[in-house]
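Some notes on the structure that comes next.
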Amino acid sequence: MTEPIPPLRAPRDVDLERPSAARMYDFFLGGETNWAVDRAAGEKAIELLPWVRDMARANRAFLRRAVHYCLAEGIEQFVDIGSGIPTVGNVHEVANGLNPRSKVVYVDNEPVAIAHGRVQLEQNGDPDRHAMVQADLRDPDHLWQQVLDTGILDPARPTALLAVAVLHFIPDTDRPQPALAEYRERLAPGSALVLSHGTLDKVTPDQQDSLDAYTRHYATTQNPLIWRSQAEFAEFAGEFELVEPGITWVPDWRPDPAIAPELRTSLADPAQSLIYAAVARKA
Ligand SMILES: C[S@@+](CC[C@H](N)C(=O)[O-])C[C@H]1O[C@@H](n2cnc3c(N)ncnc32)[C@H](O)[C@@H]1O
């Protein structure tokens with residue numbers, strides 16, 4: 001198999017020795033922006049948890065529905081933190097479909113995600129409305145300044161801040177809760193926080209061994225997994241008000257029967273997604 005996949009070679013600062021969450025997620029979703037090390041780790045993950053591709057699809061479908069919700073609520077600006085490697089139905093594409101004035105700033109700390117994100121925006125973005133910045137969720141001052149420096153967003157207007165399937169890569173020692181509190185503080189009234197996060201709250205006894213092995217497997221990648229309980233997840237929303245239906249499994253958050261074919265899953269039970277979802281609003 002040839003690699004890396006066009007149009008880019010690996011950016012200079014990329015770590016190709018260890019698999020990354022961004023590139024494994026791309027592999028789970030059927031993308032081509034991943035290297036042999038990521039595919040090997042992805043195959044191993046699927047061996048341990050055979051429905052992991054369905055988990056990724058269910059999460060991605062939630063992200064789309066949440067973007068639709070925000071647009072329907074009149075929110076036109078998006079900051080997508082931990083946006084990942086561009087895949088089908090990126091936030092700006094979903095948003096453009098409903099609102100051609102919508103604005104999106106993507107943020108990730110993974111060099112491949114940044115490089116491919118920029119290429120994609122060159123191809124189908126609008127430099128006045130879309131940007132991709134390299135920053136770390138754990139450093140809100142720097143991240144927010146980078147976002148503002150794009151000149152794309154008006155911080156006085158409601159903004160949707162997305163932290164979808166990213167907080168579970170940040171251990172408590174790196175203080176994700178205070179970081180989220182800072183972002184909430186900076187958002188204008190009427191803004192929304194879109195969150196999803198892995199959990200082991202409802203693991204069945206027959207899943208336990210696989211999940212222990214899966215967690216140990218992720219610990220060998222650049223992005224070890226930190227599972228959190230529903231109560232811990234709820235803390236990320238802080239004083240924001242959860243919109244209906246509150247915290248759910250990703251497939252259960254305002255399900256839409258018109259789900260895109262590439263994001264359909266065969267999860268027998270929404271709890272099998274192992275991912276909580278929520279959208280919360282600032283009064
Ligand atoms: C599983 S992907 C999620 C992609 C997208 N948000 C989604 O849900 O479809 C997680 C992304 O978070 C990024 N990430 C992990 N830790 C991060 C951090 N500290 N700051 C910014 N991005 C981070 C990874 O590089 C990866 O692209």
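The values are calculated or read from the model by the stated rules, or taken from the named source; none is laboratory data. The structure presented is a predicted model; accordingly, all values stated were derived computationally and were not measured. Ideal geometry is used to build each Cβ from the backbone, glycine not excepted, and the neighbour counts take in all protein chains shown. Protein only, heavy atoms only, side chains kept; ligands, DNA and RNA dropped before computing areas. Shrake-Rupley method; radii C 1.70, N 1.55, O 1.52, S 1.80 Å.
Worth a mention:
- Per atom type, the chain shows carbon and sulfur on 50% of its accessible surface, probed at 1.4 Å.
- Amide H contacts of residue 165 (H built 1.01 Å from N, under 5 Å, at least 5 apart or other chain): 196, 197
- Nearby aspartates and glutamates by direct alpha-carbon distance to residue 103 (threshold 13 angstrom, same-chain neighbours under 8 apart not counted): 76, 80, 93, 126, 128, 154
- Local electrostatic count, residue 117, Cβ distance below 12 Å [Lys/Arg +1, Asp/Glu -1]: -4
- Spacing of the modelled spin labels on residue 43 and residue 212, each 7 Å from Cα toward Cβ, amounts to 2.6 nm.
- Integer Hz, Karplus 6.51/-1.76/1.60 couplings in order for the stretch 132-143, x for Gly and Pro: 10, 10, 9, 7, 10, 3, 6, 10, x, 4, 5, 4
- Inter-part distance where the stretch 212-265 and the stretch 118-167 are each reduced to a Cα centre, Å: 22
- Judged by the ratio a/c of the largest to the smallest principal axis of the C-alpha gyration tensor, the stretch 181-275 counts as oblate, that ratio being 1.5 or greater while a/b is no larger than b/c.
- Using a simple spin-label model with pseudo-atoms 7 Å out from Cα toward Cβ, residue 229 and residue 252 lie 1.8 nm apart.
- For the chain: rounded, prolate or oblate by the Cα gyration tensor [a/c cutoff 1.5]: rounded
- Whichever lysines have a C-alpha closer than 25 Å to that of residue 202, once near sequence neighbours (fewer than 8 apart) are set aside: 44
- Solvent-accessible surface of the chain, taken per residue with a 1.4 Å probe and all protein chains present: 44 Å².
- Under 5 Å, built H, 5+ apart or other chain: amide partners of residue 159: 188, 191, 192
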